[in-house]
Every structure is written in structure tokens, then in C-alpha cells.
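Colleague: One structure follows; several queries about it will come next.
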Amino acid sequence: MQDLERKALAILKKFYGYDSFHPMQLEVIEHVMNGNDAVVLMPTGGGKSMCYQIPALLQPGCTIVVSPLLALMKDQVDALVANGVPAAAINSQQSESENREIIEHVFKQNIKLLYISPERLIADMDQWSQEIRISLIAIDEAHCISHWGHDFRPEYSQLGLVKERFPNVPVLALTATADRLTRLDIRERLNIADAKLFIKSFDRPNISLSVVSGISGRQKLKRIVNFIESHKDQSGIIYCLSRKNTEDLAKSLQSLGINAHAFHAGMATSVKLKVQRDFINDDLQVICATIAFGMGIDKSNVRWIIHSNMPKNIESYYQEIGRSGRDGLPADALMFYSFGDVKTLMNFANNSGQVLVNIEKLNRMQQYAEATVCRRRMLLSYFNERYDHDCRNCDVCNNPPERFDGTTLCQMALSAIMRTNQSIGFKLLIDILRGSRKSEVLAGGYDKIKTYGVGHDLTTTMWNAYLLQMLQLGLIFIAYEDEDHLKVTDYGNEVLYGKRQVMLSKFYYDNYQQKPSKKTKQSFNFEGDVDMVLFEKLKLTRKAIAKARGIAPYMVFSDKVLMIMAQEKPTTKAQFGTLYGVAEAKTNLYWLQFTSVILEHIKTTKGR
Ligand code: ADP
Ligand code: ZN
């Protein structure tokens, strides 16, 4: 083993309690410590921070970390300090005297990692260049510098000056955004044209993926409630399309006794902060949020994400589900998808700045929602990543769709559309097919047409699902310019007149929960059994410690560490200190409280 690797591993154990590096971390560390620039692309949870924190701790001087999100900055500094790493932040939320005091500490070489906002770095760097020995400049969320990225920030645009000012200090740009143009742009704009690219797989194998389509309203609420009940005491986020949706859903959930709250940009800052804090502290289980929630949240034990509606593109979807399972333990992502979503999103897209691009992105999202192949394969292929096997952790892999000859069924629908002169939408079509006596049907005289009631043995939900497939297969399309009426394509006409056959995937009324699973869900192996009773006790201990110290529970230890603790049951300080994820500083602080609980637990369960 090389000298550097040995030293890096020792630091990793001492300050973080980990025994080995994740793929690519050590390569990046070596690269920047040799004085080179780099661009690192890793998915959320991939372990980007270690790529600059370890060099910071191994080298003399101070590492500067540029970050756009104040909340995240504070979180990271708190977590570092909890692990015994001398870190601090300079930003506009602190008073000038606080900031000045921190700079003094930096001058005195008491700080190894200094987090700073981009505008502040640009403003202050000329003053410091003589005084501070800078070991490395890390630029987090580096995609914010690019107009191609989905999150351009003007404050980032001047960061190219940094390399000019400090030509001999290596620059490390980090992001979880994958696309090719952004990548190239980052290098150019940061003035690090020769920086080496490190790209880690975007796969998040611990997140299970499911989609439920064609249901809405009360049924959806029921499914959400079931889902939450099967995730007892586990934190999760429900993403909704509008502020009103978040509030309505939160209210419905509350009335059913679920510990939920809404979160959106229109709420008062004080309320938002409280909701966020309660969620982080495990005092609030469920957040019903618009996309505004999540950016500044670094909670590692978010166990599930629900999309109450389909998101507008795969990038957003992937970023949002990526907020779950950051500790590497299993997490569940469930998305609801209906025709109504497509309609709403199509409206958004049509009124957006880049209509064509956004419609194309929406189409790709829709294809994902309707996938009949492994969903993870689709996702990763979207991000241009090679992934040549089925994941066995998505609903399609666990329940491969069965196909059947759906020609007759399609003909019923197509015929009904033709006989009403292609002047009806989804809802009315289904009513006609099912022989409804609704006034709308009777008033239009639709009960007189030949196809009235021919589809009565399928439920509305089933018709919805099959019509969506017909839409996706290109038998029909929606004329958005003509009150969303359904029109039959040439291909649809061929089917209608018996010239072509259509295979549909069988719809299961409850294809997410009730259809017996063919393959068992991928299990995450903790060798030996985790004692769940002890795990719950350890969680309570963690919460008590967090309260007393005024920090978030996951900053004491992650769920994963507690799981391992519940499995290994350390009873001495020495045993405790060797556990995965238990750093030296935390051993000293917490060993007694946790081992006492474990000892007590062993005593009380022995007699049984
Ligand atoms: P990112 O910034 O890429 O989203 P983080 O740097 O926050 O990811 O790391 C995600 C989680 O993985 C953190 O809880 C971190 O402590 C943990 N982690 C990072 N590197 C390692 C490692 N080598 N071994 C174990 N856990 C690690
Ligand atoms: Zn799969």
C-alpha cells in the first residue's frame, strides 16, 4: 500500500469511522493532492465531500469550499465539527464580526475547511491571497456555473477568476448533474480546461422504483395512506404539483392521524424553517412539498419519496428520488401517473421558454412512467450510462407485465371515438364505453351509438390504463389545440379495420401491491439479524442526545450506523470505537450512552 493511501485511510477512520473508500474517492484525492484540477461527477450520496475533506485534513493550510446553499453549508460544517474536524463557514447569515473572527482563525491556521458563498469568495480573495495558505479550492454544485445546467446561478459566473488569482492551487469542481454539455461548460468557465473528469455511475441501486398509473382522487389518497402505514416511523417526502395540492394532501393525511405537513415557497419563512427542522429532527414524518423542498436538505435517512404526480422531466425525477436513501440503506420511490398529469405538464411546457425541449423531456418522462422494461435501465440509458442487466429492484423487474392480444379492446375504444366524430376526451369516452347514465352522456345522445356500453366489464381505472397504452403506442393522440379531444391516427385506423394486431400489457387492478411478486425484492445484506427492538431503542437514545446537543439526529449517527450497532451490540468503548461510521470524537462522546442501552437490552431479553 502506498504511503498516501495509508495516511488517507487513517484519517478516514479517525474522523469518519469508515474503513475503506468508495469507488473513485481515492483516485480523486491522489489526483488533487498531486496539484491537479479535476471535475467530479457523482450521484447524490456518492461521497463527493470526502474528495476534498480528506485532502484538506492531509495537507497543511486551509481548503476553501464554495457552496451556493447556506443551509447546506451550515449542515456540513456542523457535521464536520461533530466529527472533530476544524471547519467553519463565512456567509451573509452571520454577522460581520462573526465572519471576521473566523477569518482570524483561518489566518492563524486553526481552520482546515472553510465554506464560503461564491460572491463572498470573489469579493474577499484579493485580500487573502497573501495571508492564507490555501491547499485546495473545491467548488460544490459546480453545474450552477453553466447555462446548460438546470440550475444556473449568476453568483457562480465569476468563479473563473479564482484560477487566475490562485494559479497554483488545484481546483476541484463537484456536481451530481450528468449531462455532457454542462460537463464541458464547467471546465471552460472555471478556467480549468485540462481538468481530469471523474465520472461515477449514477445508479442508486438501493432505491426501489415503482409507478402506479391511471388512478386519481380518493383512490390515490388511499394508496398513499397504505404506503405510509407500511413505512411506519420512516421519514418521507411527497412531491405535489402545486402549492394547493401540498396543503390539501397534508390536511387529508393529518385528519387520518398521520404526522404530515405542507412545505412550499409561498409559506412564511418561519414556518418553513420549523417544518424543515422538525423533519430533520425526526419530529415530523411526512412532508408534502412542491419542488421547492429538498435542495438544502442533507438528511441521510429519508426512507421514501412519493411523487403524487408525474414530474416534468427525468432530471427532476431523479434528483428528487435521490434525496432518499443517502445512507445506502433501502429506500422506496413511488410515482403516481395519470393522464391529467400529462395534460397539466403539457400546458406548463407549452408556456415555457423552451417549448420543444421541454415537450421532448416530458415525452421521455412519460415513456419512463409507462415502461414495460426495467425502469432503472431506462433511467440510466437516459443519462447515457451503460447498464446491461435488469435491476431486480423495480416494479417491472419484480412483476414483468403479461401481454395479451388487445386488438378487440382497442377497436371498441377507436370505434367509439370515430362514432362521436373525434370530439370527446378521455373521461367521456370511458363513460360511453362503460354505458354510464351521466347527464353529459345522455345529453350528447351518446347512449344511442353502437359502441355505448360495450366496455362495461372493465372498470374506469382499467380503461384509463389501456387508453394510456393506446396513446403511448400511437393509436390515438390528444389534440391539445382542440379541447384535448382524442383523435385516431393512421395506425389506429389500421387497427380499427382489422389490418393490424395490438399487444397490450395486462393491467392489474393493484399491480403495485396485490399481484403476487414473482421475484423477491432485492435484500440488503446485513449478515446476521438486526435486532429491531434494540434498533428502536438506539433511535430513541440518538434522539435524546440530539435534543440535548441541539443537533439533528442523523448527525449523531446515521440509520445505517444504528443498524450495525443493533447487530453487533458493542458493550465496551473499544468495541464501540471500531464500528462502521463511528469516528474517534464520537466514540468519546457517545460510547457510554449507547453501550448502556445495549447492555440493558441484553439483560432484559436474556431471560426470555
Ligand atoms: P454527496 O455529496 O456526493 O451527495 P456525501 O459526501 O454527502 O455525498 O456522502 C454521502 C454519505 O456517504 C455520507 O453520509 C458520507 O458520510 C458517506 N460516505 C462517504 N464516503 C464514505 C466511505 N468511504 N465509506 C462509508 N461512507 C461514506
Ligand atoms: Zn428493474
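Colleague: So for the range 527-608, averaging the separation of alpha carbon pairs under 8 Å that are six or more residues apart and normalising by length, what relative contact order in percent results? Each step should come with its number before you reach the end.
Modeller: Numbers: 69 pairs, mean separation 25.2, N = 82.
Normalised by residue count, the contact order of the range 527-608 is 31 percent.
Colleague: Going highest first, how would you order 539-547, 369-377 by mean Cβ packing within 10 Å?
Modeller: Details: 539-547: 16.9, 369-377: 19.8.
Put in order of decreasing packing, that is 369-377, 539-547.
Colleague: Hey, rough spin-label estimate for Gln109 and Asp482, points 7 angstrom out along Cα→Cβ, what's it come to in nanometres?
Modeller: Calculated label separation equals 7.8 nm.
Colleague: Further question: Would you please give the FRET efficiency between Glu164 and Lys450, computed as 1/(1 + (r/R0)^6) with r the Cβ-Cβ distance and R0 = 60 Å, to the nearest 0.05? Mind dumping the intermediate values first?
Modeller: Details: r = 76 Å, r/R0 = 1.27.
Once rounded, the FRET efficiency stands at 0.20.
Colleague: Further question on the same structure: At a 10 angstrom cut-off on C-beta neighbours, averaged per residue, how do the peptides 20-31, 109-120 rank from highest to lowest?
Modeller: 109-120, 20-31
Colleague: Right, next: Where does helix 118-128 land angle-wise versus the long Cα axis of the chain, in degrees 0 to 90, nearest 10?
Modeller: Once rounded, the angle reads 20 degrees.
Colleague: Further, regarding this structure: Taking Cα pairs under 8 Å and at least six residues apart, what relative contact order does the chain come out at, in percent?
Modeller: Details: 999 pairs, mean separation 81.8, N = 608.
Averaging sequence separation for qualifying contacts and normalising by length gives 13 percent for the chain.
Colleague: What net charge is computed for the residues neighbouring Gln354, neighbours being all others with C-beta under 11 Å from the C-beta of Gln354, Lys and Arg scored +1, Asp and Glu -1?
Modeller: 0
Colleague: Rounded, prolate or oblate: which one fits the range 299-350, using the alpha carbon gyration tensor with axes a ≥ b ≥ c (rounded when a/c is under 1.5, else prolate when a/b beats b/c, else oblate)? All intermediate terms of the calculation are to be shown ahead of the outcome.
Modeller: On the way: a/c = 4.19, a/b = 2.38, b/c = 1.76.
It comes out prolate by the Cα gyration axes.
Colleague: Tilt of helix 243-255 relative to the longest C-alpha principal axis of the chain, in degrees (0 to 90, nearest 10)?
Modeller: Taking the Cα atoms of the chain, the angle to 243-255 is about 90 degrees.
Colleague: Could you give the C-alpha radius of gyration of the chain expressed as a fraction of 2.2 N^0.38 Å, taking N as the number of residues it contains?
Modeller: Numbers: Rg = 27.4 Å, N = 608, 2.2 N^0.38 = 25.1 Å.
Against the empirical 2.2 N^0.38 Å value, I get 1.09 for the chain.
Colleague: DSSP loop (so not H, G, I, E, B), at most 11 other Cβ within 10 Å: list which trypsin sites (Lys or Arg not before Pro) in the range 431-463 pass both filters. Provide the component values of the computation, followed by the final result.
Modeller: Working: sites: Arg434, Arg437, Lys438, Lys448, Lys450; in loops: Arg434, Arg437, Lys438, Lys450.
Passing sites in the range 431-463 are Arg437, Lys450.
Every number in this text was worked out from the coordinates using simple rules, so none of it is lab data. Because the structure is a prediction, the values reported are computed rather than measured. Cβ sites come from the backbone with ideal geometry, for glycine too, and all protein chains shown count toward neighbours.
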